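Here, each number is a calculation from the coordinates, and none is a lab measurement. Values in this document were obtained by computation on a predicted structure and should not be read as measured data. Reconstructed Cβ throughout: ideal geometry from the backbone, glycine too, with neighbour counts over all protein chains shown.
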Amino acid sequence: MRLVDFLDKGASIDPDTPCLTTDGVSQSYAETVALSHRLAAALQAAGVEPGEKVAILSANDPLAFTCVFGISRAGAVWCPVNPRNEAAENRELLDLFDCTALFFQSSFAGLVDDIRGDLPAMTTLICLDADLGWARSWAEFVNSAVPGEASTAPVEDLAAVVGTGGTTGRPKGVMLTGTNVETMTALTLMCYPFEGRPVYLALAPLTHAAGVLCFPILCRGGEVVIMRKPDVEEFLTLVERDSVTHTFLPPTLIYMLLETPGLDDRDLSSLQCFWYGAAPMSVSRLEEALSRIGPVMAQLFGQSEAPMMISMLPPKEHFRRDGSVATERLASAGRAAPLVTLAIMDDDGGHLPRGERGEIVVRSSLVMAGYYKNPEATAEAGRHGWHHTGDIGYVDDDGYLFIVDRAKDMIITGGFNVYSTEVEQALLAHPDVADAAVVGRPDDKWGERVVAVVRARGDRAIEVDEVKAFVKSRIGSVKTPKDIHVWADLPRSKVGKVLKTEVKARLD
């Protein structure tokens with residue numbers, strides 16, 4: 001399936017039902033399909049050929065998301081560009097991806113104007129919401145060609161090129177095929193609750209997980225409610241008003257939700273599935289969410305290279321058969337998805353038995369086609385015939401996957417391996433700690449020492465020695481941080497992951 005086929009499938013169920021809703025205004029499936037045809041014709045009239053890359057630079061917006069379907073219908077390749085990136089990073093990505101066209105909002109006009117001179121291949125610029133002298137206006141562009149009904153096939157099944165976070169060096173372009181998205185969609189519908197017509201609330205950026213999760217909603221004829229900017233109060237209002245059934249938030253926003261006054265008085269009974277992921281979540285806060293938001297929390301683990309569904313912990317698996325909370329598996333990433341083969345591998349390519357820690361590797365039609373124009377990185381990620389995630393973990397006797405660290409973040413102190421995630425979970429269990437990150441720093445005696453930075457919950461004061469004693473009682477002295485620093489906030493990437501390279505730099 002092409003990306004636009006998910007839209008067309010939803011339209012075949014009921015073309016007059018709401019497809020995309022923002023600020024209380026809905027666009028039907030029929031209207032969205034018609035606009036995608038106009039966009040495809042306009043792109044073709046502008047000289048965009050099948051297989052060419054077309055980027056979108058926009059905050060959450062229904063018009064911008066509709067462009068995804070026009071790009072797909074034209075046989076071109078969608079390149080989501082994160083609006084929070086710096087100009088230099090976006091210039092690098094657009095150049096790397098060989099983009100020939102760009103849709104953008106006027107709020108990013110200054111950025112686009114700064115970099116367009118360095119991108120001679122990007123000959124078509126379309127501003128979504130303003131009339132600029134140096135870019136085509138939305139109205140002029142969509143009216144520039146007569147839409148047809150021709151269906152353009154993608155080139156080599158390539159659906160999107162997605163930039164990696166760039167937290168470990170220069171960003172790479174992940175080539176996702178229609179088969180990758182189809183597999184992800186099948187796994188989502190197969191393993192998470194879907195009763196009736198879904199209503200999905202997208203608060204997180206549509207350039208990342210929140211956007212990819214729209215496809216299973218659309219092929220069931222569901223409604224996607226788009227929030228233009230993060231606002232947890234408005235989030236709760238929309239869940240109640242629109243009877244939202246599905247949503248996704250990273251842990252940091254769920255923590256904010258749990259601290260929202262009046263949360264317990266809100267009617268969240270429409271929720272069937274509240275996905276969380278993109279970063280480790282505090283077990284204690286997850287238990288709180290299960291109680292206060294409801295028995296609907298649903299973890300997913302994936303990465304750009306294998307989107308969303310490497311492993312999953314559906315709502316019901318957060319509980320034991322007797323209905324009690326399954327605390328023993330809340331720190332896990334669930335079990336490997338049905339269409340994914342998962343293994344734990346040592347440095348020599350050998351498979352490790354259950355309980356032993358090594359790199360998480362996978363095989364699946366979920367896995368990317370490779371990195372765009374980077375055969376060396378593609379070969380490295382696919383060595384020994386498996387996709388290497390870069391995460392360290394183990395599988396327990398019941399088949400649950402536990403992720404303990406990124407391979408590059410493991411700390412070796414006094415000859416012992418210390419995994420930052422385990423230390424962070426112990427810190428987050430303390431009632432005064434709202435957020436935590438653990439890194440290794442050079443130490444003359446131990447080689448590396450364990451160092452933590454924490455953020456206080458609310459207006460509470462953190463007593464460092466008391467927190468150390470609390471952590472030591474849980475995981476022992478070797479893993480207990482030698483130093484704990486209290487910061488007002490932790491540096492995070494655009495998708496909510498702690499930037500440990502920045503933490504280390506600030507500690508130096």
- Item | Loop sites in the stretch 399-468: trypsin sites (Lys or Arg not before Pro), DSSP, at most 16 other Cβ within 10 Å | 445, 460
- Lys and Arg at +1, Asp and Glu at -1: add these up for the other residues within a Cβ distance under 9 Å of residue 317 and post the number. +3
- Taking the stretch 246-363, the equivalent ellipsoid from its C-alpha gyration tensor has semi-axes in Å, biggest first, of 30, 15, 13
- Note on the structure: residue 121 and residue 17 label points (each 7 Å along its Cα→Cβ direction) are spaced in nm at 4.1
- Value at 222 nm in deg cm²/dmol, rounded to 500, when DSSP H runs of n ≥ 4 in the chain each add -39,500 (n - 2.57): -8500 deg cm²/dmol
- Message: Over 28 Å between Cα atoms: which of 172/482; 468/497; 408/472; 373/497; 172/497; 229/373 fall into that group?
- Response: 172/482; 229/373
- Item | Within the chain, percent of DSSP bridges classed antiparallel, to nearest 5 | 60
- Query: Only one of the listed values, [x] 1.12; [y] 0.97; [z] 1.17, was derived from the coordinates as Rg/Rh (Cα atoms, Kirkwood Rh); which label is it?
  - Reply: [y]
- extent check for the stretch 410-507: Cα max minus min per principal axis, descending, whole Å, gives 37, 31, 19
- Task: Report relative contact order for the chain in percent, whole number only (criteria: Cα-Cα under 8 Å, sequence separation at least 6).
- Result: 11
- Message: Quick check: pseudo-label points 7 Å beyond the Cα along Cα→Cβ at residue 129 and residue 410, how many nm apart are they?
- Response: 4.7
- Note on the structure: Measuring from its Cα centre, the chain shows a charge dipole (+1 at each Lys and Arg Cβ, -1 at each Asp and Glu Cβ) which, in debye to the nearest 20, is 620
- Item | Dipole of the stretch 27-175, positive end: most advanced residue of 153, 63, 47 [Cβ charges, Cα centre] | 153
- If one takes the longest principal axis of the Cα atoms in the chain, at what angle in degrees, from 0 to 90 and to the nearest 10, does the Cα axis of helix 29-45 lie? 70
- Query: Taking only Cα atoms, what is the 0 to 90° angle, nearest 10, from helix 464-475's long axis to the longest principal axis of the chain?
  - Reply: 90
- Task: Principal axes first, then extents: for the Cα atoms of the stretch 58-207, list largest minus smallest coordinate on each axis, whole Å, largest first.
- Result: 48, 45, 32
- Round to a whole angstrom and tell me the spacing of the C-alpha centers of the stretch 24-40 and the stretch 438-475. 52
- In degrees between 0 and 90, to the nearest 10, how far off the longest principal axis of the chain does helix 232-242 point, with axes built from Cα atoms? 60
- Message: Using Cβ contacts closer than 10 Å as the measure, can you line up 423, 464, 142 from fewest to most?
- Response: 464, 142, 423
- Message: Given R₀ = 51 Å, what would the calculated FRET efficiency be for residue 422 paired with residue 30, taking r from the Cβ atoms and rounding to 0.05?
- Response: 0.50
- Note on the structure: Descending packing, highest mean Cβ count within 10 Å first, for 120-128, 341-349, 316-324, 56-64 is 56-64, 120-128, 341-349, 316-324
- Please report the relative contact order for the stretch 410-507, taking Cα pairs under 8 Å with a sequence separation of at least 6, and give it as a percent rounded to a whole number. 27
